[in-house]
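Laboratory data are not the source of any read-out in this text; all were calculated from the coordinates shown. Please read these numbers as outputs of a predicted model, since none were measured by experiment. Virtual Cβ from ideal backbone geometry, glycine too; neighbours counted across all protein chains shown.
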Amino acid sequence: MVNPYISLFLAQDIKATNEQIGTYVTLSSISAMALSVLIAKRVDKTKHYKRWIGIAISAAIMGYYLYSIVTSYIATLIISTTLIGIATCLSALIYAYAKDLFIQNNVNEQRVASLRIFVSLAWVIGPLFGMIAFKYENFEGVFKACSCGYLIAALVLLLLFQKNKRIDYNGNSLKNHRNNTNTKKIYILIYFVVFVLLQMVNAVLNTNIPLYITEILGYENMYVGWISSFNAIVEIPITMLCIVLSRQRNIKKLICFGILNGIIFILLLTRIDSIYCIIAIHFIKAVYVSICMSLGIVFFQNMIPQKYGLSTILFTNTTRVGSIFSGMVISLFGNKYVKSFYMLLLVCVISLVALPQKTTVVKFRISIERTKQNNISKNASRYV
């Protein structure tokens, strides 16, 4: 609901310059990243998912309400780096909690990607409500509506949560494969960098496209909401298809296909100026976002088995580091939006080329499971 309007809020209500918007994005991302790492370590140690989910929702309720009453750039920046920084951990906590629950109940772990559907559904409903709230009460209405949305979510989760059970893992299997983990750190680093670049591309597009549409092409703010909703509607069936294909196809190849769609989208964006054509090509952007974001989180969770808080935060931190670089890009190019799009095109090509051809993380996960089975067999043989 809020994201499509943040850059407009800063530019129109707060009267922030492009440099200040870039600084806002950068500092907000650094704060969120630091807070998320601290929270992830705590969650992996205690498994108190529900407690931290409640804290994150509470921070979101207070943060977005305060957004609706502040008029100072500094105050907005403080809120973003504190309350909103904690609130941004919410999705990662839910993904990690779901992963633990799926493991406990022997559910296919690929279904974690299905949670992306709810994110897309939120992007369908959110911008539409945001557009209605903006029409009647401007940005103040958007932030108050968002705060109320989090309040409703908190009440629903309060009813749905069951008693949290601490999950005990076989420490021997992890110990036996600690050396294997060290040999695969280079792959983790490469994938982290690639996804940082992809997230940077997405962040710059989400910030600059609304400004490009309103400032350069001269269209009304309402089209920003329409684009966001259309993009999210398309993401839902694509994400469902991704879950099915991920069981039959290599996830890395699907991610490469997603990057190709990002390249095609940016190429078309620099060539057209009709608002209806821009809305239409967001179908291609939806393919890019659905594949890279929904399957990306499953991929990262498989890289660091049994530490789902840390692995999920590692993925979400690619978003935050990408946002830091996106702030730099926004500040560097200013209102030269088309030039920034060409730079993003180059970044997508680099990401596609840099993606490792061999993936060992899945084999690593399988080897851990095999070790667990061997340990069970050895223990059972003692009683034979």
Item checked: For region 7-74 versus region 244-265, the gap between their alpha-carbon centres in whole angstrom -> 31 Å
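Does region 22-77 come out rounded, prolate or oblate by the C-alpha gyration tensor, with a ≥ b ≥ c the root eigenvalues, rounded set by a/c under 1.5 and, if not, prolate when a/b is larger than b/c and oblate if not?
Verdict is oblate for region 22-77.
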Next item on the list: With θ set to phi - 60°, apply the Karplus curve 6.51 cos²θ - 1.76 cosθ + 1.60 along region 281-295 and write out the HN-Hα couplings as whole Hz, x wherever there is a Gly or Pro.
Entry: 6, 5, 4, 5, 5, 5, 5, 4, 5, 4, 5, 5, 8, 6, 7
Note to self: Taking the beta-carbon count within 10 Å as an exposure proxy, list S311, S7, S58 from fewest neighbours to most.
What the structure shows: S58, S7, S311
Next item on the list: Using packing as a proxy for protection, rank 241-252, 205-216, 292-303 so that the peptide with the highest average count of other Cβ atoms within 10 Å comes first.
Entry: 292-303, 205-216, 241-252
Next item on the list: Arrange the following residues from fewest to most other Cβ atoms within 10 Å of their Cβ: W226, W52.
Entry: W226, W52
Check: What are the ³J(HN,Hα) values, in whole Hz, obtained from phi via the Karplus relation 6.51 cos²θ - 1.76 cosθ + 1.60 with θ = phi - 60°, for each residue of region 10-16 in sequence order, with x given for Gly and Pro?
Finding: 5, 6, 8, 8, 7, 6, 7
Notebook entry, point to check: Between K185 and A122, what FRET efficiency comes out of the Förster formula 1/(1 + (r/R0)^6) with R0 = 51 Å and r the beta carbon distance, rounded to 0.05?
Noted result: 0.90
Notebook entry, point to check: For region 243-361, what's the relative contact order in percent, using C-alpha pairs closer than 8 Å and at least 6 residues apart?
Noted result: 32 percent
